[in-house]
Amino acid sequence: MKNDFSKSRRNMLRTSAMGLGAAAVAGLVPWASVQASDLPRVSEDDSTAKNLKYVHDAASSDARKNSNEFCHNCRYFKGTQSTEWERCDIFPGKAVAAEGWCNVWVAK
């Protein structure tokens, strides 16, 4: 009887995982289909942005240690240099400027 339960539980977990994966691919899971264009842009006046010294234009930051630090080459930025605004792990639910910078910057 113990083996029947283990098989049943494994089947249920496998089926659930496959269903969630299929739903994400189909765009039925909200977090799987969010585009940066759907997100509000982070404001430099946002309290988190202020604490992290976020700016839309990295060249205007006095806190930057290196002139080649931009959001577009940070590991938390989800786009590329050619993407104007994109999602960032540091600002969940908001888009940041590719040419921006904050003090959490880490090279990709």
Legend entry - Length released on extending from N73 to K53, taking residue separation times 0.36 nm less the Cα-Cα span: 5.5 nm
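Below 14 angstrom from the Cβ of E99, what's the summed charge of the other residues (Lys, Arg +1; Asp, Glu -1)?
Numbers: positive: R41, R64; negative: E44, D57, E69, E84, E86.
Computed value for this residue: -3.
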Inset, instruction - Give the long-range amide H neighbours of W85: residues separated by 5 or more places, or on another chain, with amide H under 5 Å away, using H modelled in the peptide plane at 1.01 Å from N. - result: A98
Legend entry - For D62, net neighbour charge (Lys/Arg +1, Asp/Glu -1) across residues whose Cβ lies under 15 Å away: +1
Inset, instruction - Could you pull out every residue, at least 5 positions away or on a different chain, whose amide H is within less than 5 Å of the one on R41? Hs are placed 1.01 Å off N in the peptide plane, and Pro or chain starts have none. - result: A95
Legend entry - For the range 79-87, Karplus couplings with θ = phi - 60° (6.51, -1.76, 1.60), whole Hz, Gly/Pro x: x, 10, 4, 7, 7, 5, 10, 7, 5
Inset, instruction - Could you state how much accessible area F70 has, in square angstrom rounded to the nearest 10, with a 1.4 Å probe and all protein chains kept in place? - result: 40
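The values are calculated or read from the model by the stated rules, or taken from the named source; none is laboratory data. All values derive from a computational prediction rather than experimental measurement. FYI the Cβ positions are ideal-geometry reconstructions off the backbone, even for glycines, and counts take in every protein chain you see. These accessible areas exclude ligands, DNA and RNA; they are computed on the full protein's heavy atoms, side chains included. Shrake-Rupley method; radii C 1.70, N 1.55, O 1.52, S 1.80 Å.
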